[in-house]
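Chemist: The structure follows.
The values are calculated or read from the model by the stated rules, or taken from the named source; none is laboratory data. Small disclaimer: the values here were computed from a predicted structure and weren't measured. Glycine also receives a Cβ, built like all others from the backbone with ideal geometry; neighbour counts cover every protein chain displayed. Quick note on the areas: whole protein, heavy atoms, side chains included, nothing else; ligands and nucleic acids left out. Shrake-Rupley method; radii C 1.70, N 1.55, O 1.52, S 1.80 Å.
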Number of protein chains: 4
Amino acid sequence: MSGSTFGNIFKVTTWGESHGAGIGVVVDGCPAGLALNEEDIQVFLDRRKPGSSQFATQRKEADCVEILSGVFEGKTTGTPISMLVRNTSQRSSDYSEIASYYRPGHADYTFDQKYGFRDYRGGGRSSGRETIGRVAAGAIASKLLGELGITVTAYTQAIGGIEISMEHFDIMEARQNQTGMPDKEASQKAEAYLKECMANLDSAGGIVACRVSHMPAGIGEPVFEKLDANLAKAIMSIGAVKAFEIGDGTLAASANGSSNNDSFRMNGTKVIKSTNHSGGILGGISDGSEIILRAYFKPTPSIFQKQDTVTKDGEDITIQIKGRHDPIIVPRAVVVVEAMTAITILDMLLQNMTARMDKIKNFYQQ
Amino acid sequence: MSGSTFGNIFKVTTWGESHGAGIGVVVDGCPAGLALNEEDIQVFLDRRKPGSSQFATQRKEADCVEILSGVFEGKTTGTPISMLVRNTSQRSSDYSEIASYYRPGHADYTFDQKYGFRDYRGGGRSSGRETIGRVAAGAIASKLLGELGITVTAYTQAIGGIEISMEHFDIMEARQNQTGMPDKEASQKAEAYLKECMANLDSAGGIVACRVSHMPAGIGEPVFEKLDANLAKAIMSIGAVKAFEIGDGTLAASANGSSNNDSFRMNGTKVIKSTNHSGGILGGISDGSEIILRAYFKPTPSIFQKQDTVTKDGEDITIQIKGRHDPIIVPRAVVVVEAMTAITILDMLLQNMTARMDKIKNFYQQ
Amino acid sequence: MSGSTFGNIFKVTTWGESHGAGIGVVVDGCPAGLALNEEDIQVFLDRRKPGSSQFATQRKEADCVEILSGVFEGKTTGTPISMLVRNTSQRSSDYSEIASYYRPGHADYTFDQKYGFRDYRGGGRSSGRETIGRVAAGAIASKLLGELGITVTAYTQAIGGIEISMEHFDIMEARQNQTGMPDKEASQKAEAYLKECMANLDSAGGIVACRVSHMPAGIGEPVFEKLDANLAKAIMSIGAVKAFEIGDGTLAASANGSSNNDSFRMNGTKVIKSTNHSGGILGGISDGSEIILRAYFKPTPSIFQKQDTVTKDGEDITIQIKGRHDPIIVPRAVVVVEAMTAITILDMLLQNMTARMDKIKNFYQQ
Amino acid sequence: MSGSTFGNIFKVTTWGESHGAGIGVVVDGCPAGLALNEEDIQVFLDRRKPGSSQFATQRKEADCVEILSGVFEGKTTGTPISMLVRNTSQRSSDYSEIASYYRPGHADYTFDQKYGFRDYRGGGRSSGRETIGRVAAGAIASKLLGELGITVTAYTQAIGGIEISMEHFDIMEARQNQTGMPDKEASQKAEAYLKECMANLDSAGGIVACRVSHMPAGIGEPVFEKLDANLAKAIMSIGAVKAFEIGDGTLAASANGSSNNDSFRMNGTKVIKSTNHSGGILGGISDGSEIILRAYFKPTPSIFQKQDTVTKDGEDITIQIKGRHDPIIVPRAVVVVEAMTAITILDMLLQNMTARMDKIKNFYQQ
């Protein structure tokens, strides 16, 4: 069954393999009248581009986006926005060997079990390059949310066991360094740790956090389409994410109600919460506080140490992976988490527009 | 927008409020020819029923299910299965007071923000009673999975800070005690802890784990409909769940590739993994190992201590909640996690049937 | 796969068989704040009730609706509205015979081919009683559309070869007579024709027309979700409908562009069309004129003449159907066409709310 | 809301405008292992290409397709197949004038009403060029159906009032002449009629018929996802189609049950129908006979006669359309009807695979 589309109203369909002709996305359901050009997309794509860091694969990928439809005279038309990034740096020869065996921690085995064969070049459809489509769509969602005053900001919270300190929080720092951490000190420690991992022919994981500010209350649906449920799906659909949490997350399980509940208080005529253990969502619906979520990424499975595995033909072998691989994907994944969050938030804002009779009447009687 | 339906092929639509006429569910897309009767459903519902434990609300809820359609001569017909549980123990008077203010940690405020008003009786649609529909549907999914040899088993892994030990694991214990823990010793500690919470007019949270055994490899879709992404949505859509993880989950973020990767090995003609850090899913597709997931529940928000909040009219007040409330929802939530897992696994098994041309040809040429 | 849900935002899920415990529907996605009670639904159900006409089955069906959820203090809450009609007049014995063979023109054979067996009592799920759920949902949609000033009106346009004359058009007449024709003279001719059919142990078909007045321009989506495409699906999903047309419909195929095009003209500050060959839809989007559609119904397949057919076991036989059957379903189908039209129009009005950036900004900044 | 995706399992998403960078389609959910190359697609696209007939626009459109993803080593991989056709013959200057007014019979006015503005070049998204994506997807669906022994064949049944005779039926003729009619005599009459229309600066409509042969019984879902309901939506979503019918269609409304019912008979061990008034579908499910449907197309709205209309600024004007326009779209629409039929049939074949427990068990236990 098809699984390449995300969203109910703002619908994002990605396509493409690591070593095919290109990677792309169709965004259907984007409202008409949003100012948009290729530069708006490119700045987001550049944030996930490899080659700029010693901790990212040294493959050169220009990743230039072309908008093929849905924009006219600088504005979205309300019809599908198709975007294309041609693949350019394709050394398929690097991958011919892996056609015959299953890399541990990768989707090689599961693709073969599902489809009977696979496009083995660079991971094919399960390659991280698939996220180009997500990031391009996320750029549009972020721009649209910006028009409504809502901002979505992701950053690296931890690498290996090294966590940022909220006291040092500086988002500009995160956008400049090689870790994506908004804390210079933690970032330097993480760099040292990553060098150690590389020296050991090993890889590392980490945590990406994302915050949504100026979120209106009342967004999300009560039962299966809870805002946090959809955020969980969005984030867990990113390769290598193994856990998701909202607000206090895992810590809530060992807390008590008296400490976990957030009191409501009036701030002038506005209802606010004294604390934000809930992470901005109550009963699946936004409560007007900042939304805070975290994604836990496993270490890159492509490591240069010897590993045991089996061949397609059912023989035990020992392999040593070659090629160009990120020792950690977290810094490049920050913008992917931001993109998926923005897409989800926007989709649910649009879904919410039909919730109330009085607002529908008002809408159609203006 | 509508948000009360879950699943793409095996579609589950729940309806009903805590103090309305009843609670129900329509299961559309259940294959024809599955033996099914009301007793199959009732045994699942009885597992979530309150009143049988000192740690659950003392409300008496018979929760007897009636199958209204979709079953003929003891077998499912392939058409929608509608199931109804009448509400009986409704003391709406308990709730009249809460119409005027917003309980901390509940969805009162967010519902009002979304819809302009709410059915305030017992939480209305955001009540835990909504999960009756999920459990009834999950009973069908579990039975069908059983026919394919797949079993889904959930249990309490932790309450507050008290965790089970896998060395003591005994699932029969979990089905008999009041905590749902498959470890007698841990369960007794947890009981003592819960009594302490109750003495403090406080509440507790915990962790529910769920395992899917004998899962075939190749189930799940590569990109947005990853098996783990859908499980995450399913589980996070249960009220009070604040985090979700698969396999090593949050721990993977601080691991290295060399320890996190699972080696493949041949076991006769079968491919197996030497370890199962992945929790049975690689690249969003089942790898043939046991699927392991965990749901982190926050403490029950209804506590009997004094709490600060605001009224609908915008005044700061202090409240003290009355009535009958679970000091912890985890033991009763075990079967809900099991149900949502079963529904998701089944839906994706059905989705997978169209993945390969050779199997489609075989299907239509038999 | 599941096929019992219609609509994207205003989602209607019907369930139930002719001779099961009952028939019902869940409406999910109805906006909060619509005044609604059971009487609003019952008046629609009474329009499809048999037993009131000599041309309808003499089965007695009370068809009393109960609203089980989604309405609180007389208003919809935004959560699913579940409605139930218990089956009461069930003489299953009438149907035991048909378990063994396939009635011509019915779905007996195709259900057995699809599912391996069927609930043969009264047609089971393919019975006309399934439309009770549609009509109940349509009652809500119609009421909501009425709040926006939009009216949906269906009537019988033809029975056999007898057509109404638009010069005699009187909708009150249609609501009182036994044919549903808004033309007394035509209705009397049709009655005579139907008596003749009954005398011949035969049945008749006919045409139902439906008009949507005060429809705003701009509703419908350009490509696959065209307003007319969705109306076509809605109407063709009613059992026994064999053709659907919009505006001039089949006649357009033999017209010329010069006669088929509708000129635009200004009427004060309002754009109007000089004619309405388009039936109110251009390019799949409403043009502000009245929407006009027609559904062509085949004759009731249950006739009392001898017919050739085969048994489940593969023998040629001749049968003579007994029991109580409508000689024509058209008069009772009028309200079903009206219901499906209202549901579709409403769903697309709701879908349209996210089409424009300026309106979204306005919505969220009020 | 998004409306550019068709299908539940075999999902087709088209994008692109007449005068944008290109036109394309993403097919998600195509099973893995189907042999496929660009030539398979190109032969279908060539059938809708203009420039080869005196009755089609004289614009030169090469319409060369590029497969960008989803095919590896000559076979589909189960992941999205993205296809791109670059626009080449773009004389936007032809269209600058129409930016200011609304062409009668076109979607200009309705797009402006919906979106606030429109891409006016060549009809933008509502251009017939959008069907390139449908035809490319239909080529894949047809090839896959062919592997299952199912063939889909469309042809022109009528132009203006001129109908083919089934006695002269010759599908090879239809593929060679300029009308798409499988009847040489009728085709010649139609050519004469079209020349007359062109001499009168006028346009013509017609009927396209489509037949699906070797269709297995049991395909389609009982209620809203009836096979004929989905075919109706598929066909009515093609621009300019004003009516849809299945089997006897409109004629059924004036028939009697005794003549409209199809008797079942045994043919050896096979159940067959003596006649096929039903058009191969009973109760929304295929009955094993040939499926027969018809689409009624209105005359091309772009005619060269003077026409009354209004400007965007609300002034009455008289216009005379220039440029290159088909005097009839029917011959080029034949392959579009065939494509949409193939897509729908395939999608419902795939949906049907989960209908029966015994077949699911068999599938997973092989």
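Chemist: Which residue pairs have Cβ atoms closer than 6 Å, lie 6 or more positions apart in sequence or on different chains, and pair a first residue in region D:146-158 that is in a loop (DSSP other than H, G, I, E, B) with a second residue that is surrounded by fewer than 23 Cβ atoms within 10 Å (Cβ to Cβ)?
Modeler: Close Cβ pairs satisfying both conditions: D:Leu148/B:Tyr364; D:Gly149/D:His214; D:Ile150/D:His214.
Chemist: Does B:Gly180 count as part of a loop (DSSP other than H, G, I, E, B), crowded, with 22+ Cβ neighbours inside 10 Å and not polar (S, T, N, Q)?
Modeler: Here the answer is yes, as B:Gly180 does meet what is asked.
Chemist: Can you work out which of the residues in region B:3-53 that are part of a loop (DSSP other than H, G, I, E, B), facing chain A (nearest Cβ under 10 Å) and open to solvent by less than 10 Å² (accessible area, probe 1.4 Å) is farthest from B:Thr79 (Cα to Cα)?
Modeler: So the residue we want is B:Gly3.
Chemist: What is the one condition in (1) in contact with a Cys (Cβ under 8 Å, 6 or more places away or on another chain); (2) of a type in the set (A, V, I, L, M, F, W, C); (3) under 28 Å from C:Asp248 (Cα atoms) that C:Leu144 does not satisfy?
Modeler: Among (1) in contact with a Cys (Cβ under 8 Å, 6 or more places away or on another chain); (2) of a type in the set (A, V, I, L, M, F, W, C); (3) under 28 Å from C:Asp248 (Cα atoms), the lone unmet condition for C:Leu144 is (3).
Chemist: May I pose another question? So D:Arg175 fits all but one of (1) touching a strand residue (DSSP E or B) at 6+ places or on another chain (Cβ under 7 Å); (2) surrounded by fewer than 24 Cβ atoms within 10 Å (Cβ to Cβ); what number is the exception?
Modeler: For D:Arg175, the failing item is (1).
Chemist: Can I ask one more? Determine whether B:Val337 is of a type in the set (A, V, I, L, M), open to solvent by less than 20 Å² (accessible area, probe 1.4 Å), facing chain A (nearest Cβ under 10 Å) and in contact (Cβ under 8 Å) with a residue 60 or more places away in the chain.
Modeler: Against the criterion (of a type in the set (A, V, I, L, M), open to solvent by less than 20 Å² (accessible area, probe 1.4 Å), facing chain A (nearest Cβ under 10 Å) and in contact (Cβ under 8 Å) with a residue 60 or more places away in the chain), B:Val337 does not qualify.
Chemist: May I pose another question? So, in region C:308-329, how many residues would count as being free of Cβ contacts under 8 Å to residues at least 40 places away in the same chain and assigned to a strand (DSSP E or B)?
Modeler: Qualifying residue count, region C:308-329: 3.
Chemist: Follow-up question, since we're still on this one. Are any residues in region C:228-262 in a helix (DSSP H, G or I) and more than 7 Å from chain D (Cβ to nearest Cβ), and if so, which ones?
Modeler: Hits for region C:228-262 are C:Leu231, C:Ala234, C:Ile235, C:Leu251, C:Ser259.
Chemist: Sticking with this structure for a sec: Right, B:Arg332: among the basic types (Lys, Arg), within 21 Å of the chain's Cα centre (by Cα) and assigned to a helix (DSSP H, G or I) or not?
Modeler: yes
Chemist: How many residues does region D:292-304 hold that are open to solvent by 20 Å² or more (accessible area, probe 1.4 Å) and not in a loop (DSSP other than H, G, I, E, B)?
Modeler: Counting residues in region D:292-304 that are open to solvent by 20 Å² or more (accessible area, probe 1.4 Å) and not in a loop (DSSP other than H, G, I, E, B) gives 3.
Chemist: Of the numbered conditions (1) facing another protein chain (nearest Cβ under 9 Å); (2) free of Cβ contacts under 8 Å to residues at least 40 places away in the same chain, D:Ile285 fails exactly one; give the number of that condition.
Modeler: Answer for D:Ile285: the failing condition is (2).
Per-residue answers, yes or no, for (1) open to solvent by less than 30 Å² (accessible area, probe 1.4 Å); (2) farther than 30 Å from B:Gly323 by Cβ; (3) in contact (Cβ under 8 Å) with a residue 12 or more places away in the chain:
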residue: B:Ile207; (1), (2), (3): yes, no, yes
residue: B:Ala229; (1), (2), (3): yes, yes, yes
residue: B:Ala232; (1), (2), (3): yes, yes, yes
residue: B:Met266; (1), (2), (3): no, yes, no
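Chemist: From (1) at pLDDT 95 or above; (2) open to solvent by 10 Å² or more (accessible area, probe 1.4 Å); (3) facing another protein chain (nearest Cβ under 9 Å); (4) in contact with a Gly (Cβ under 9 Å, 6 or more places away or on another chain), pick out the condition that doesn't hold for C:Arg121.
Modeler: (1)
Chemist: Filter region D:248-264 for residues that are open to solvent by less than 40 Å² (accessible area, probe 1.4 Å) and closer than 20 Å to C:Ile246 by Cβ and give the result.
Modeler: If the condition is that a residue be open to solvent by less than 40 Å² (accessible area, probe 1.4 Å) and closer than 20 Å to C:Ile246 by Cβ, then D:Gly249, D:Thr250, D:Ala252, D:Ala253 are the ones that fit.
Chemist: Still on this structure, please answer the following. State yes or no: is A:Gly279 open to solvent by less than 10 Å² (accessible area, probe 1.4 Å), more than 14 Å from A:Ser203 (Cα to Cα), facing another protein chain (nearest Cβ under 8 Å) and within 20 Å of the chain's Cα centre (by Cα)?
Modeler: So A:Gly279 fits the description; yes.
Chemist: Something else about it: Could you tell me whether any residue of region A:344-353 is away from chain C (no Cβ under 14 Å) and closer than 30 Å to A:Gly160 by Cβ?
Modeler: There is at least one residue in region A:344-353 that is away from chain C (no Cβ under 14 Å) and closer than 30 Å to A:Gly160 by Cβ.
Chemist: Here's something else I'd like to know. Kindly list, by first and then second residue, each pair from a residue in region A:33-48 that is charged (D, E, K, R) to a residue that is open to solvent by less than 30 Å² (accessible area, probe 1.4 Å), limited to pairs with Cβ atoms under 6 Å and residues at least 6 apart or on different chains.
Modeler: A:Glu38/A:Val65; A:Glu38/A:Ile67; A:Asp40/A:Ala139; A:Arg47/A:Val335; A:Arg48/A:Val135; A:Arg48/A:Val335
Chemist: Being touching a residue at least 40 places away in the same chain (Cβ under 8 Å), polar (S, T, N, Q), open to solvent by less than 40 Å² (accessible area, probe 1.4 Å) and more than 14 Å from chain B (Cβ to nearest Cβ) narrows it down to one of A:Ser165, A:Ser187, A:Ser213, A:Ser203, so name that one.
Modeler: So the residue among A:Ser165, A:Ser187, A:Ser213, A:Ser203 that is touching a residue at least 40 places away in the same chain (Cβ under 8 Å), polar (S, T, N, Q), open to solvent by less than 40 Å² (accessible area, probe 1.4 Å) and more than 14 Å from chain B (Cβ to nearest Cβ) is A:Ser213.
Chemist: Hey, another quick one. Does any residue of region D:214-223 turn out to be closer than 21 Å to C:Arg294 by Cβ and β-branched (Val, Ile, Thr)?
Modeler: Within region D:214-223 (the criterion being closer than 21 Å to C:Arg294 by Cβ and β-branched (Val, Ile, Thr)), the answer is no, since none of the residues qualifies.
Chemist: Which of the residues belonging to region C:305-316 are open to solvent by 30 Å² or more (accessible area, probe 1.4 Å) and in contact with a helix residue (DSSP H, G or I) (Cβ under 9 Å, 6 or more places away or on another chain)?
Modeler: Scanning region C:305-316 gives C:Gln305, C:Lys312, C:Asp313.
Chemist: With part of a helix (DSSP H, G or I) and either at pLDDT 95 or above or open to solvent by 10 Å² or more (accessible area, probe 1.4 Å) (or both) as the only criterion, which of D:Glu225, D:Glu221, D:Glu130 stands out?
Modeler: D:Glu130
Chemist: Which condition does B:Met357 not pass, out of (1) touching a strand residue (DSSP E or B) at 6+ places or on another chain (Cβ under 9 Å); (2) surrounded by 24 or more Cβ atoms within 10 Å (Cβ to Cβ); (3) at the interface with chain D (Cβ under 9 Å from one of its Cβ atoms), if it passes all the others?
Modeler: Unmet condition: (2).
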